[in-house]
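Read the structure below first, then the notes.
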Amino acid sequence: MEVLDQTVWIHINYRTWQGKKTLTRDELKRYADPSKTPPEDLITPGTKAIADPEKLKRINSLGKRIHRECEKVCLKAFGAYGTSIEAGETLLARLQDLKDKHQMLISEYLDSYEQSNIEWINEHPQWEDWLRNSMMSRGEIENRFKFEYQAYKISSGGQGALMNDGLIQEQNGLLGQLLSEIEKMANDAWVASYENRDKTGQKALSPIRMILNKLKTLSYISNKVNVLIKRVNDVLNSMPKSGPIEGADLSSVCGLLNLLGSSKRMTDFINQVPQHQNDVFDQVEENDDENLILSEPADTARNEEFEFDTNEESEVNINTPSTSKPVAQPALFCF
């Protein structure tokens with residue numbers, strides 16, 4: 001359980017409002033006739049807009065930013081984001097700043113809500129009665145927004161304590177979960193900056209540096225991660241400091257992304273560490289391969305528009321024997 005002892009887990013509870021309501025059964029029947037259907041900015045399949053979506057964009061984009069900040073230095077398991085204690089302290093300070101900003105944006109939106117409704121209705125005079133009857137009060141709207149986070153540690157209960165099989169499996173699967181998340185980051189970088197290009201700019205190296213930072217932050221979960229860190233470092237250090245990335249340099253980066261873009265290839269690469277390096281990197285045993293892929297890829301939402309509600313049952317639930325239970329202990333910097 002040494003890895004868990006070095007990990008702080010951060011649970012994000014975030015929900016937002018898209019300015020929509022579900023269409024009633026009568027409305028669904030009424031608007032089945034295309035000639036009576038409201039314009040596209042007022043109605044989508046199953047829902048109707050009752051507030052100007054432009055006024056909500058800053059709030060909703062902040063939700064995506066919150067999760068991106070966690071994804072930079074964390075892996076996802078136990079229904080939460082896990083990272084080193086040191087990185088966790090920095091991340092929690094960042095989350096507090098984002099929470100303050102979130103509250104400020106909510107207050108600004110609520111203060112302008114009534115005036116925004118008037119402007120929204122004026123833009124759609126033909127549908128004034130329909131919109132006015134659908135509006136919600138400020139109090140109803142305020143309860144639709146939420147952003148909270150909690151930090152805690154998971155402990156086995158001490159040396160010799162009985163440990164739940166699921167807890168052990170989750171711990172053994174952390175390396176596989178990390179590789180899955182690195183795979184997603186690498187494939188996103190490939191599509192955004194490298195696919196079908198014969199050269200790219202210096203900015204295209206930024207996502208690779210983010211991958212390197214995440215690997216370094218989470219390297220404590222297994223010495224095997226250092227194999228990948230060295231490979232990424234070698235490629236980045238060989239790149240020109242200015243100008244385009246092209247030719248042999250581009251081929252080198254593409255080769256790296258090809259490696260990082262597959263959990264299986266990364267696992268095979270880790271397994272190829274020479275025996276004489278065992279004092280630095282623990283060799284992966286044959287039966288460890290399953291552990292490397294136990295976890296499913298993290299569900300990281302990156303779509304530009306979405307309704308993010310993490311207020312699901314994502315708390316850590318660990319069923320253990322009645323004696324010597326693993327317990328969740330608040331971190332020193334718990335909020």
key: Centroid-to-centroid separation of the range 88-110 and the range 223-239 [C-alpha atoms, Å]   = 34
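Sort 18-31, 184-197, 221-234 by the packing proxy (mean of other Cβ within 10 Å over each peptide's residues), most packed first.
Numbers: 18-31: 13.8, 184-197: 15.7, 221-234: 18.6.
Answer by packing, highest mean first, reads 221-234, 184-197, 18-31.
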key: Amide H contacts under 5 Å for residue 23, placed H, 5+ residues apart   = 47, 48
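Over the range 80-130, average the accessible area per residue using a 1.4 Å probe and give it in Å², no decimals. Each step should come with its number before you reach the end.
On the way: 2710 Å² over 51 residues.
Dividing the accessible area of the range 80-130 by its residue count gives 53 Å².
In this model, which of 64/199; 72/199; 99/146 are farther than 21 Å apart at the alpha-carbon? Before the final figure, lay out the partial values.
Numbers: 64/199 30 Å; 72/199 26 Å; 99/146 10 Å.
The answer is 64/199; 72/199.
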ask   = Along the Cα-to-C-beta direction of residue 30, a point sits 7 Å from the Cα; which residues of the range 112-156 have their amide N less than 12 Å from that point?
value = 127-134
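The values are calculated or read from the model by the stated rules, or taken from the named source; none is laboratory data. Quick caveat: nothing in here was measured; it's all calculated off a predicted structure. Using ideal geometry, Cβ is built from the backbone for each residue, glycine included, and neighbour counts are taken over all protein chains shown. The protein model used for the area step is the full one, side chains on, heavy atoms only, and it has no ligands, DNA or RNA in it. Shrake-Rupley method; radii C 1.70, N 1.55, O 1.52, S 1.80 Å.
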